[in-house]
Structure formats: C-alpha cells, structure tokens
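Just so it is clear, none of the values below were taken in a lab; they were calculated from the coordinates. Just so we're clear, the structure is a prediction, and the values are computed from it rather than from any experiment. Cβ coordinates were reconstructed from backbone atoms using ideal geometry, including for glycine residues, and neighbour counts include every protein chain displayed.
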Amino acid sequence: MAVEKPAAEDPGHNSPLRIGRISYLNLRPIFRGLEMTVEDEGRYRFFDGHPAMVNARLRSGKVDASPSSSIVYLKDPAEYSLIEGHSISSFGPIRSIYLFSTLPIEELRGSTIGITNQTETSAALLKIVLKKFLGMDFKTRVTRQPAALCLRNFRAFLAIGDDAMLAGKQMGKKGGPAAGFIYDLGLIWKEYTGLPFVYALWIARKDSAAQNKKAFTVFMQDLERAKQYALAHLEEASREKPLKGLDAEEVLQYWRGISYGLDPLEKKGLALFGKYARELDLL
C-alpha cells in the first residue's frame, strides 16, 4: 500500500479508495494494523500530512476518507459519514497537545498566544479552555514554527502531535524550550467537564461513499480489523522505535492513554465540545 501524491482524477467505482493518513505517532498503530492485515496492496492509496493538511484534502475531495479533526465533522455533518467505533480520544491527559507557557495559565490574560498551523480541533479546544473555563480575553496567531522557536516570540504556544511530545520531553533540559509551564489540554477538559475529549474522528465524504458503497463496506471491515490488530500488538509496534527521541516504553505508555474507539461517553464529550464551540462561534 504505497503512498502516492494527490491526483485530480475521479476516484471512480474501480479505483482504490483514497485515504488520508495523519503522519503522527498517535495513529501509527492503526495504519500499521492496516499494513499488516490488508493483503491487497492496491486496495487503498494513502495521502500523508498533518491534521490540517488532511482535513483540507478531505474537504476538497482529494481523499475519500480519513481520520480528521473532530471539528471538521461538527462544522458540516451533512457532508460526511461518521465511521462508527473509531476515534482518537482520551479521558484525561493526551500527552501530545500541550500549551507551553512562560507564565501560569491564569496570567495569560491579554496575551497573544501562538498556535501551530497543524491543528483545527486543538485550537478550538484552547479557546474553549481560556474563554469559557477561565474567562480570559486573549489573541492568537497561527505559525508554522516549531515549539522551541515560538517560545522565543510568544508568552505561550499551542503545539500538537510529535512536535509537542518531543518539546515536552526537552522541557527543562539545557537548550530546550524556554517555557516554565506545560498544560495538557486533555487533562484540563476532563477536570472541567468530567468527560473524555474526542480529537479526531474517522469520517468519509458522503458523495464518495455513495459512489463506491462496496469499497467502503470493505474499508470499514478493514479498519475495524486493523484496530483490533493494533490494540493486540502495541508492545511489538513500540519496539520499532516509531518516533526518534522516544524510547519504546514512552511510546507504549502514550498509546495506552489513547482510546481508538468511540463509546457513548466519548460521544457525550464530543457533543459538549460542539455545544461550547457553537457558543463561541467556532463552528
């Protein structure tokens, strides 16, 4: 199942499904599961990128399905079909969505906060945390710079994914990021709501699913099989050193803190996120 660059062609009934693939450690077990369990290498074409990039490809029709930021689905559920039973969620710390700050979070009122350009859901979650939970006014600026550089220009910076994990590990080391405070947004959400937070959902374009119903039925079966394989082989996968800078035990503990399912409590958390996002005009 080789990676190919986006193409403008119509997927057609006989073409492989085009699947967005977020190139973060959090989804490595699932895509590894697909690699290990799908025998037909021509069944899918994968298009790699960070979350915002994959979201854009799904919106434009350049991919048929992907694990996309949950806010993408909440903004326009009429355009997408939810693939039940799959998500990236956490009940408490996620360990890869951090607000790095030079000040205690309560002292950021009026500050301009840097936000990575790779996120949509986490940017909305940060605004909910600061505005709704803490009652703070602030400004944001989206940037492409990594956490270590942004902390020279902002009092606080929101990082996600592998960059956030590695920056968090370097905190306090000589030459590492200059922030004195690290806030895990998954933990803050749980403390204020008592619910899990859903960062990403597996969704498909409804038009693509309608054009190729049989292929989507097979894909949903493959995805469920991949998830079950992934959960049964986390230790094995962690020993492959999937992220330079983290050892196998760190990777394993990270994966074990993620829920790859989508149960009723997680759906309740998703609904509350949608409610708060609408109240703040984020949808």
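Counting only the Cα atoms, the range 1-155 fills a convex hull of 147 Å³ per residue. Fewest neighbouring Cβ atoms within 10 Å first, the residues L195, L82 line up as L82, L195. Compared with the dominant principal axis of the Cα atoms in the chain, helix 28-37 is inclined by about 10°. Taking the number of Cβ atoms within 10 Å of each Cβ as an exposure proxy, the fewest-first ranking of I128, I160 is I128, I160. Based on alpha carbons, the Rg and Dmax found for the chain are 18.7, 57 Å.
Of all DSSP-defined beta bridges confined to the chain, some 60% are antiparallel rather than parallel. Placing pseudo-labels 7 Å out from each Cα toward the beta carbon at D40 and T143 gives an inter-label distance of 4.7 nm. The 3J(HN,Hα) values that the Karplus relation (6.51, -1.76, 1.60; θ = phi - 60°) gives for the range 237-253 are, in residue order, 5, 5, 6, 7, 6, x, 9, 4, x, 10, 8, 4, 5, 5, 5, 4, 5 Hz. Gly and Pro appear as x. Excluding same-chain residues fewer than 8 positions from K62, which lysines have a Cα within less than 27 Å of its Cα? Within the straight-line cut-off, K62 pairs with K5, K75, K206, K213, K214, K227.
For the range 97-193, DSSP calls about 55 percent of its internal beta bridges antiparallel.
Close amide-amide hydrogen proximity is noted between T112 and K139, R155, each under 5 Å apart and 5 or more residues distant or on a separate chain (H modeled in the peptide plane; Pro and chain starts excluded). Here each label is just a point 7 Å from Cα along the line to Cβ, and for L82 and S15 those points are 2.9 nm apart. As a proxy for reagent exposure, ranking D184, D281, D137 by other Cβ atoms within 10 Å from fewest up yields D281, D137, D184.
Scaled against 2.2 N^0.38 Å for its residue count N, the alpha carbon radius of gyration of the range 133-283 is 1.28. Counting only alpha carbon atoms, the long axis of helix 213-232 and the longest principal axis of the chain meet at about 50°. Largest mean-square fluctuation among F91, F138, F47, in a Gaussian network model of the chain whose springs join Cα atoms under 10 Å apart, belongs to F138. Reported value for the range 97-193: 85 Å³ per residue, from the convex hull of its C-alpha atoms.
Amide hydrogen proximity for V142: with H placed 1.01 Å from N in the peptide plane, the residues at 5 or more positions away or on another chain lying under 5 Å are I115.
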